[in-house]
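Right, one structure below, let's go through it.
No lab work stands behind these numbers, since they all come straight from the coordinates. Quick caveat: nothing in here was measured; it's all calculated off a predicted structure. When we count neighbours, we look across all protein chains shown, and the Cβ atoms used for this are built from the backbone with ideal geometry, even at glycine.
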Amino acid sequence: MILHFYSLPLPGGGQRTVRVCLPDAYFKSDRHFSVLYGLDGQNLLEAHTAFGKRHWRIGAAVDKLPLRHKSIVVGIDNGGGSRIQEYAPFQRGRSGGGGAEHLRFVTDVVKPFIDGKYRTLAGREHTGIVGSSLGGLLALYAGLQRGDVFGKAGVLSPSLWFNPQVLQ
């Protein structure tokens, strides 16, 4: 896999690192590919960049799956100390409430950038989002709120305890 890094502007200021993993097949053909958007992007590939030191090793996992020939993986880094704010769709006490805005960042900034720069299959049936914990909460919210964009959602151990109203 080839990895590219980009820094894209967040609505309201700031930036996030976006990591793009291209399958080897991308360079051996002119066909278009499905896209999987991963929240907590710094956790997807390398232990030294992992938030909370939890590393998914997604590069090695994808290489062993049929996806390795079919999908581009896009990791979107979290904001570190602002992770709860940006991943929780609803406010709880003084925390959370920015999930809808972060989802707009993914759908209105990151996805159009990726679709414009790479050979993607842009339709919902070829677009997925995945996350765990608070990222799983936002992935669930994204699948429920933006089914027009995401045809698949990988919801791993979502923090529903923080925002149970996502299920409503």
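Give me the distance in nm between label points sitting 7 Å out from Cα along the Cα-to-Cβ direction at residue 24 and residue 117, one decimal.
2.4
Go through the range 63-160 and name the trypsin sites (Lys or Arg not before Pro) that are in a DSSP coil and have 14 or fewer other Cβ atoms within 10 Å of their Cβ.
Those satisfying the criteria are 64, 94, 119.
Simple spin-label model, 7 Å along Cα-to-Cβ: residue 152 to residue 91 in nm?
Going by the 7 Å Cα→Cβ label model, 3.7 nm.
Taking all pairs of different Cα atoms in the range 98-153, averaging 1/r and flipping that mean, what Kirkwood radius in angstroms comes out?
Computed over Cα pairs of the range 98-153, the Kirkwood hydrodynamic radius comes out at 11.3 Å.
Could you calculate the contour length gain from residue 167 to residue 32, that is, 0.36 nm times the residue separation minus the distance between their Cα atoms, to one decimal place in nm?
Fully extending the segment from residue 167 to residue 32 adds 45.2 nm.
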